[in-house]
Amino acid sequence: MAQRNLSLKGPIISIEDDEDDQFLLGQIVKQLNVPNEIRFFPNGQLALQYLETTDEQPFLILCDINMPIMNGLELRRRINQNEALRQKSIPFVYLTTAANPDIIREAYEQEVQGFFQKATDYAGFQQQMKLLVEYWKNCLHPNSTL
């Protein structure tokens, strides 16, 4: 049996400026019995400062696109430019209402691991989160311990 990856215990990082969406995400994670703590950041700049200074190995980054100060696309660029953050191989998934072909193309050009348009209802949002958490709990990536 494979050993559990330590990053599975790390926090879920949510970069989201909408407080209602933060609240919903928190409720859904509790209902799904996800043990990971959630850390919310209202913009990419604050999230980047955290990522650059923490010793934690986050489990997953969920990021909106449109935010003040530093948007999600700029945040992903900055993570890719930082060798220490790149080496952490933190799964980075966009979870946003801002979905159009140009934004999706740009996101994948930055080696993003997923792009989801936020569901418009609670049950759909809950299903998206269940899918994302289960996928990354079972997916092997560079920080997996075999």
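How many residues, within segment 47-63, are over 21 Å from LYS137 (Cα atoms) and touching a strand residue (DSSP E or B) at 6+ places or on another chain (Cβ under 8 Å)?
2
Can you give me the number of residues within segment 79-100 that are more than 15 Å from ASP64 (Cα to Cα), over 15 Å from the mean Cα position of the chain (by Cα) and at pLDDT below 90?
Of the residues in that region, 1 qualify.
Does LEU46 qualify as being open to solvent by less than 20 Å² (accessible area, probe 1.4 Å), in a helix (DSSP H, G or I) and over 20 Å from GLU106 (Cα atoms)?
No: the conditions fail for LEU46.
Give the residues of segment 82-116 that are of a type outside the set (A, V, I, L, M, F, W, C), closer than 25 Å to ASP20 by Cβ and either in contact with a His (Cβ under 7 Å, 6 or more places away or on another chain) or surrounded by 15 or more Cβ atoms within 10 Å (Cβ to Cβ) (or both), sorted by residue number.
PRO91, TYR94, THR96, GLY114
Do you know which residues across segment 57-81 are over 19 Å from LEU132 (Cβ atoms) and part of a loop (DSSP other than H, G, I, E, B)?
Once the filter is applied, which keeps residues that are over 19 Å from LEU132 (Cβ atoms) and part of a loop (DSSP other than H, G, I, E, B), segment 57-81 yields ASN66, MET67, PRO68, ILE69, MET70, ASN71.
The values are calculated or read from the model by the stated rules, or taken from the named source; none is laboratory data. Note that the coordinates shown come from a computational prediction; the quantities given were computed from them, not determined experimentally. Ideal geometry is used to build each Cβ from the backbone, glycine not excepted, and the neighbour counts take in all protein chains shown. In case anyone asks, the SASA skips ligands and DNA or RNA and just uses the protein heavy atoms, side chains included. Shrake-Rupley method; radii C 1.70, N 1.55, O 1.52, S 1.80 Å.
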